[in-house]
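Structure first, then comments.
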Amino acid sequence: MIKTFADLELDQNIVEAIEELGFTRPTQIQADAIPQALDGRDVLASAPTGTGKTAAFAIPALQYLQDFPRKKAGPARILILTPTRELAMQVADQTRALGKNSRLNVITITGGVQYQEHADILAQTQDIVVATPGRLLEYIDAERFDCRAIEWLILDEADRMLDMGFGPVVDRLSAECRWRKQTLLFSATLEGKGVEGFTEDLLKDPVEVSAEPSRRERKKISQWYHRADTLEHKNELLKKILTEQSEKAIVFVKTRERLAELRTELERAQIVCAWIQGEMPQDRRNNAISRFRSGEVNVLLATDVAARGIDIPDVSHVINYDMPRSADVYLHRIGRTARAGKKGSAISLVEAHDQPMIERVSRYVDEEIKERYIKDMRPQHKKPVFKKKKKKEADKKTTAKKSAKKKK
Ligand code: ADP
Ligand code: MG
């Protein structure tokens, strides 16, 4: 049983870097996956968002490179694929932090960077390359990147990569890296379309580690909701929460249009916020995230697309200004708070038509999500009751109602 980082028998320089990051003990997924990876096995790993998957592959990767040091300068030995640029940068940052006492090079190759810049980087020796699939494949096709020396292929957020349509590109990259020794695949879930077939082709006789987060990692998110009568009422509730309850909040909004409206609304109330949305220039997006990360602003508005895979530490509140489309997205959203043992709150603002969704979410997370009230801001309407009816019955009812109306 692995309980401490010492149990993992890592090199001292890595242990020191881990301590400097403030990690005191491995999370469940780290305890389960690291020994297997160091044993030379392919690993198929799943664990919820925020449970330390990055270090679960970065630590063994660094240890491996130290166990088998390169004899001469040359191309990359470990390739990590991530679905988005932001995530690639975060993974690279964390890997660099863990490898700071080693002499290993970690570089990123993503879209949104000048080709020349990459050419300079690729001319040097690299040990670990963190890349998004699309751009990397371009370089391979142009023979500017050499995969033949790759010994480990690591896929982070495999489910997201599939969702985003990277399946075929990843398959091609896997073929390019066919001389590799090991493959590690990490994902929040292993369910969902195509994950199974996808993993079959990529991994050889993998050990499956599927970490239920330990008690210590779980259950630290308090979830509740407020009912809102109208959009105005919802805005008032949000402003109240942002000014009086939350320290650092991500507010999820359905669409870019809604996000723009909300921004204006908050500006009017002098609540300073940053925002990210899909199709936003890279530098502006980075800028927004770093302002939020540094604490210059404590409110980040985001659409689901934009927030994919971004690690924003120390979020005290996740606020569902708009309810997500599915319970699964809800889980992804709230996974951004209470990371690795910290406490967090997830608050949903629920309009009448959202009532079925919050109830579905409640069943999905298998926990009662309670309604709360804010003084003087109670909803005026009664909680709508949606009963599951068989279609025919429902039809009958409406016709009955219609005829009743006619009679009047
Ligand atoms: P995931 O990829 O599972 O969503 P991350 O790897 O992004 O999670 O980690 C989430 C947060 O937890 C990060 O801020 C990371 O620094 C922190 N973290 C990772 N491992 C540990 C640990 N063993 N102890 C404490 N914090 C950790
Ligand atoms: Mg991750």
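Out of I29, I14, I need the residue that is modelled with pLDDT under 95 and closer than 19 Å to Q182 by Cβ. Which one?
I29
Taking the options Q63, Q90, name whichever one is under 21 Å from I18 (Cβ atoms) and either over 16 Å from the mean Cα position of the chain (by Cα) or assigned by TED's automatic domain parsing to the domain that holds I289 (or both).
Answer to the check: Q63.
Going by the structure shown, is F68 surrounded by fewer than 22 Cβ atoms within 10 Å (Cβ to Cβ), more than 11 Å from ligand 1 (Cβ to nearest atom) and among the aromatic types (F, W, Y)?
yes
Check whether at least one residue in the stretch 244-257 is of a type in the set (G, A, S) and part of a helix (DSSP H, G or I), and report yes or no.
Scanning the stretch 244-257 turns up no residue that is of a type in the set (G, A, S) and part of a helix (DSSP H, G or I).
For the stretch 226-233, check the following and say yes or no: at least one residue is at pLDDT 95 or above and in contact with a Pro (Cβ under 6 Å, 6 or more places away or on another chain).
The answer is yes, given that some residue of the stretch 226-233 is at pLDDT 95 or above and in contact with a Pro (Cβ under 6 Å, 6 or more places away or on another chain).
Restricting attention to the stretch 5-29, which residues are within 16 Å of ligand 2 (Cβ to nearest atom) and under 15 Å from A97 (Cβ atoms)?
Passing the criteria: L21, F23.
Given A58, A73, A47, which one is under 25 Å from the mean Cα position of the chain (by Cα), modelled with pLDDT under 95 and of a type in the set (A, V, I, L, M)?
Among A58, A73, A47, only A47 is under 25 Å from the mean Cα position of the chain (by Cα), modelled with pLDDT under 95 and of a type in the set (A, V, I, L, M).
How many residues does the stretch 365-407 contain that are modelled with pLDDT of 50 or more, over 30 Å from S222 (Cβ atoms) and among the β-branched types (V, I, T)?
Number satisfying all stated conditions: 0.
Can you tell me which residue in the stretch 83-104 is farthest from R70 (Cα to Cα), limited to those that are among the hydrophobic types (A, V, I, L, M, F, W, C) and surrounded by fewer than 24 Cβ atoms within 10 Å (Cβ to Cβ)?
The selected residue is L87.
For the stretch 264-287, give me each residue that is in contact with a Ser or Thr (Cβ under 8 Å, 6 or more places away or on another chain) and in a strand (DSSP E or B).
Hit for the stretch 264-287 is I276, nothing else.
Go through the stretch 30-64 and give me each residue that's under 23 Å from L331 (Cα atoms), in contact (Cβ under 8 Å) with a residue 40 or more places away in the chain and either assigned to a loop (DSSP other than H, G, I, E, B) or near ligand 1 (Cβ under 7 Å from one of its atoms) (or both).
Residues satisfying the conditions are A47, P48, T49, G50, T51, G52, K53, T54, A55.
For the stretch 78-107, enumerate the residues that are more than 16 Å from ligand 1 (Cβ to nearest atom) and either among the polar types (S, T, N, Q) or touching a residue at least 60 places away in the same chain (Cβ under 8 Å) (or both).
I78, L79, N101, S102, N105
Can you confirm whether D283 is surrounded by fewer than 16 Cβ atoms within 10 Å (Cβ to Cβ) and outside the structural domain of E359 (by TED's automatic domain parsing)?
no
Is it the case, given these coordinates, that T125 is modelled with pLDDT of 90 or more and either over 28 Å from I289 (Cα atoms) or not in a loop (DSSP other than H, G, I, E, B) (or both)?
Here the answer is no, as T125 does not meet what is asked.
Quick check on R70: is it touching a strand residue (DSSP E or B) at 6+ places or on another chain (Cβ under 7 Å) and of a type in the set (K, R)?
Taking the combined requirement at face value, the residue does not satisfy it.
Tell me yes or no: at least one residue of the stretch 178-187 is among the basic types (K, R), touching a helix residue (DSSP H, G or I) at 6+ places or on another chain (Cβ under 7 Å) and surrounded by fewer than 19 Cβ atoms within 10 Å (Cβ to Cβ).
no
Suppose we filter T199, T183, T125, T189 for residues that are within 16 Å of ligand 2 (Cβ to nearest atom) and among the hydroxyl-bearing types (S, T, Y); which single one remains?
Every option except T189 fails the conditions.
The values are calculated or read from the model by the stated rules, or taken from the named source; none is laboratory data. Here the structure is a predicted model, which means the values were calculated and not measured. Neighbour counts are summed over all protein chains in view; Cβ atoms, including those assigned to glycine, are modelled from backbone coordinates with ideal geometry.
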